[in-house]
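Everything on this sheet refers to the single structure shown next.
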Amino acid sequence: MLQAFQEVVKDYSTPPENTLNRDMTAQISSYVSFLIECRPLSISMGNAIRFVKNRIAKLPITLSESEAKASLHSDIERFINEKIIGADTVIVEHAVTKIRDGDVLLTYGSSTVIEMILVHAHELGKKFRVFVVDSRPKLQGKLLLRRLIKRGINCTYTHITAISYIMHQVTKVFLGASSVFSNGTVYSRVGTACVAMVANAFRVPVLVCCEAYKFHEKVQLDYSICSNELGDPNAISKVHGREDINYLNGLTNNAKLKFLNLMYDATPSDYISMIITDYGMVPPTSVPVIVREYQKEHLLQSSKIVI
Amino acid sequence: GTPESATVPYTSSSGADSESKTADKSSLTRKLKHDVIEGVNQLIQEIAGCHEQIAEQAIEHIHQNEVILTLGSSRTVLEFLCAAKEKKRSFRVFVAEGAPRYQGHLLAKELVARGLQTTVITDSAVFAMISRVNMVIIGAHAVMANGGVIGPVGVNMAALAAQKHAVPFVVLAGSHKLCPLYPHNPEVLLNELRSPSELLDFGEFSDCLDFGAGSGSLQVVNPTFDYVPPNLVSLFITDTGGHNPSYMYRLIADYYSADDLVM
């Protein structure tokens, strides 16, 4: 999305009777509305958009149009490099220190940063095996499974219903996140809360890896219905690749039968042992501190990031 | 002389006439057969009748405008919910689909056919939905001597979530499901692993499993059952009424002979 915004900046030209700040902000807002119509924004996207709008608003009036566009372009570039790509590198470095020889790790769904951690740890020669837990209807775990096996990591694949069966073998659980709220609640793919809860019941530490730009000052108590996203209900009634499972064919229009396909859920902070971010490894209670520090950075005029 | 019959140990007479001994043996065998057949018939009747007796108690537990969560596909649960509906209680049911067997789909189909408002959710959404639910009702595959429950895979997850939100976790079980064994390592010893093809198609991953090129190994775990410890169960409803998990061992003593019990 940010790269698309970079294209917007490059192609932009200020209309004569308006200033760059206001007009471009209005344009960006209209593009964002279009994106929202396609699919609700994730929280990290919301943060990125606020960053871009903030940068546009901070542009000094004295700059010429081409200078302003170049400055915006480089700001977005820096955001991508430091907050997204750079952050992942820092998180991976922190997280691999937590993986020891003989560990049995568990991960849920398919998170890019978790995949990077596991691959890096394997390259460093650590001996471990991974349980990849998957769930319907997206079955994203299969993608992660394929990539991990190609890299030579020993994996075991299972469905989320079986986590009570395997959890007593697991030493650590690594989870990715879509966002972390100010009260330490982790907002992530639906099913993450179940995994964290069962891990907690079996006394297995849960480590969540999340870049700082995904943090949000929102606070949420309810685990499901507030600000969630609904997926396609037909994805539940139809089971791909299993022609024998067609009990619900022909019933999708029945008034008595509904399908609920949640995309996200919220994991309470007491199930989480530690959150690994590009700001370091912190307990869930330190999240509001990071959110505050992060926002302070945005208010700074200079482009240097002070950690 | 006549050889002592080793299969009838309680006959101590050794000098009896061979004819009367044979007559004795056949009448004893007949009586034994009769008793066994009667016992089996009784068991069959109990198994057939337990659904009704359990369903009678539904009206006490399900109230108006409740939301019930269930997992898997149990005939006892189906009859229980329908009995409550017969008595004009209106309530909603959330059914977790129970992949990879998708028993939840079967149950949802039955419930809709009987006219109950049903919503099918994925197993991963159980924790998310538990705060919206008044009661969790499941059917047990077996009830252990300590009050623990063997149920369809995924019930332990639901039980833990229910405990966290103080939602009652009700288990329906006919008395024929009681088992005198104590679960020492229930996840492994009392479980059954099903074919991995239910999770991954055979041959689906054959292109990346090339050991020569240094790929990792792939295992698939597909258990059928889950164990729920007794402290997570709020109530057992059997054909003899509602009971605490701590009371179940007494029912086992009623049901099994003392020779079979290892307490």
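When B:Thr119 is tested against (1) among the hydroxyl-bearing types (Ser, Thr, Tyr); (2) in contact with a Lys or Arg (Cβ under 7 Å, 6 or more places away or on another chain); (3) crowded, with 24+ Cβ neighbours inside 10 Å, exactly one condition is not met: (3).
In summary, B:Leu106 fulfils each of the numbered conditions (1) closer than 24 Å to B:Lys177 by Cα; (2) outside any helix (DSSP H, G or I); (3) within 14 Å of another protein chain (Cβ to nearest Cβ) with the single exception of condition (2). Charged (D, E, K, R), surrounded by fewer than 20 Cβ atoms within 10 Å (Cβ to Cβ) and in a strand (DSSP E or B), is that true of A:Arg147? Considered against the rule, which asks whether it is charged (D, E, K, R), surrounded by fewer than 20 Cβ atoms within 10 Å (Cβ to Cβ) and in a strand (DSSP E or B), A:Arg147 comes out as no.
Across segment A:254-299, what is the number of residues that are assigned to a strand (DSSP E or B) and more than 14 Å from chain B (Cβ to nearest Cβ)? Don't jump to the end; show me each part of the working.
Within segment A:254-299, the subset assigned to a strand (DSSP E or B) is A:257-260, A:262, A:264-267, A:274-277, A:280-282.
In the following step, the residues that additionally are more than 14 Å from chain B (Cβ to nearest Cβ) were identified as A:274-277, A:280-282.
So the answer is 7.
State the number of residues belonging to segment A:174-210 that are of a type outside the set (Ser, Thr, Tyr), within 14 Å of chain B (Cβ to nearest Cβ), buried (at least 22 other Cβ atoms within 10 Å of the Cβ) and not in a strand (DSSP E or B).
Quick first cut of segment A:174-210, residues of a type outside the set (Ser, Thr, Tyr) only: A:174-177, A:180-181, A:183-184, A:186, A:189-191, A:193-210.
Of the ones still in play, those that are also within 14 Å of chain B (Cβ to nearest Cβ) are A:175, A:186, A:189-191, A:193-204, A:206.
Now drop any that are not buried (at least 22 other Cβ atoms within 10 Å of the Cβ), which leaves A:175, A:186, A:189-191, A:193-199, A:206.
Retained after the next criterion (residues that are not in a strand (DSSP E or B)): A:190-191, A:193-199.
Qualifying residue count, segment A:174-210: 9.
Scanning segment B:164-198 for residues that are within 9 Å of another protein chain (Cβ to nearest Cβ) and assigned to a helix (DSSP H, G or I) yields B:Lys164, B:Glu187, B:Val188, B:Pro196, B:Glu198. Between A:Glu82, A:Glu77, A:Glu37, the distinction of being over 23 Å from A:Thr112 (Cα atoms) and in a helix (DSSP H, G or I) belongs to A:Glu37 only. Here A:Arg136 fits the description: within 11 Å of another protein chain (Cβ to nearest Cβ), modelled with pLDDT under 90 and not in a helix (DSSP H, G or I). Number of residues in segment A:104-144 that are β-branched (Val, Ile, Thr), under 27 Å from B:Gly98 (Cα atoms) and surrounded by fewer than 23 Cβ atoms within 10 Å (Cβ to Cβ) equals 1. Quick one: B:Ile150 ticks every box in (1) crowded, with 24+ Cβ neighbours inside 10 Å; (2) more than 11 Å from chain A (Cβ to nearest Cβ); (3) among the aliphatic types (A, V, I, L, M) bar one, so which box is it? Looking at each condition in turn, B:Ile150 falls short on (1). Residues in segment B:114-131 that are more than 7 Å from chain A (Cβ to nearest Cβ) and within 21 Å of A:Thr267 (Cα to Cα): B:Ile130 alone. Any residue in segment A:74-83 that is crowded, with 20+ Cβ neighbours inside 10 Å, within 14 Å of another protein chain (Cβ to nearest Cβ) and touching a residue at least 24 places away in the same chain (Cβ under 8 Å)? No; the residues of segment A:74-83 include none that is crowded, with 20+ Cβ neighbours inside 10 Å, within 14 Å of another protein chain (Cβ to nearest Cβ) and touching a residue at least 24 places away in the same chain (Cβ under 8 Å). One residue is enough: does segment B:228-236 have a residue meeting the conditions facing another protein chain (nearest Cβ under 10 Å), assigned to a strand (DSSP E or B) and either farther than 21 Å from A:Met167 by Cβ or modelled with pLDDT of 90 or more (or both)? Checked against the condition, which is being facing another protein chain (nearest Cβ under 10 Å), assigned to a strand (DSSP E or B) and either farther than 21 Å from A:Met167 by Cβ or modelled with pLDDT of 90 or more (or both), segment B:228-236 yields at least one hit.
Among the numbered conditions (1) without any contact (Cβ under 8 Å) to a residue 60 or more places away in the chain; (2) more than 30 Å from B:Ser124 (Cβ to Cβ), the only one that B:Ala99 does not meet is (2). Among the residues of segment B:186-203, the ones that are more than 16 Å from B:Val228 (Cβ to Cβ) and either touching a Gly at 6+ places or on another chain (Cβ under 7 Å) or not polar (S, T, N, Q) (or both) come to 10 in all.
Would a scan of segment B:132-146 turn up a residue that is in a loop (DSSP other than H, G, I, E, B), crowded, with 24+ Cβ neighbours inside 10 Å, touching a residue at least 24 places away in the same chain (Cβ under 8 Å) and more than 7 Å from chain A (Cβ to nearest Cβ)? Spell out how you get there, then give the answer.
Of the residues in segment B:132-146, the ones in a loop (DSSP other than H, G, I, E, B) are B:132-134, B:140-141, B:144-146.
Then drop every residue that is not crowded, with 24+ Cβ neighbours inside 10 Å, which leaves B:140, B:144.
Subsequent filtering for residues that are touching a residue at least 24 places away in the same chain (Cβ under 8 Å) retains B:140, B:144.
From what is left, the residues that are more than 7 Å from chain A (Cβ to nearest Cβ) are B:140, B:144.
Taking every residue of segment B:132-146 in turn, at least one turns out to be in a loop (DSSP other than H, G, I, E, B), crowded, with 24+ Cβ neighbours inside 10 Å, touching a residue at least 24 places away in the same chain (Cβ under 8 Å) and more than 7 Å from chain A (Cβ to nearest Cβ).
Identify, from the list B:Ala55, B:Ala99, the residue that is assigned to a helix (DSSP H, G or I) and at pLDDT below 90. Working first, answer last.
Details: B:Ala99 fails: assigned to a helix (DSSP H, G or I).
Step by step, each of B:Ala55, B:Ala99 is checked, and only B:Ala55 is assigned to a helix (DSSP H, G or I) and at pLDDT below 90.
Looking only at residues of segment A:27-73 that are surrounded by fewer than 16 Cβ atoms within 10 Å (Cβ to Cβ) and of a type in the set (Val, Ile, Thr), we find that the one that is modelled with the highest pLDDT is A:Ile36.
Rundown of residues vs (1) within 30 Å of A:Leu148 (Cβ to Cβ); (2) out of contact with any Asp or Glu (no Cβ under 7 Å at 6 or more places or on another chain), yes/no style:
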position	(1), (2)
A:Ser42	yes, yes
A:Ile49	no, yes
A:Ser71	no, yes
A:Ile76	no, yes
A:Glu82	yes, yes
A:Ala87	yes, no
A:Ile91	yes, no
A:Gly102	yes, yes
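The values are calculated or read from the model by the stated rules, or taken from the named source; none is laboratory data. Bear in mind that the values here come from a model prediction, so they are computed numbers and not experimental data. Note that we place each Cβ from the backbone using ideal geometry, even for glycine, and neighbour counts take in every protein chain shown.
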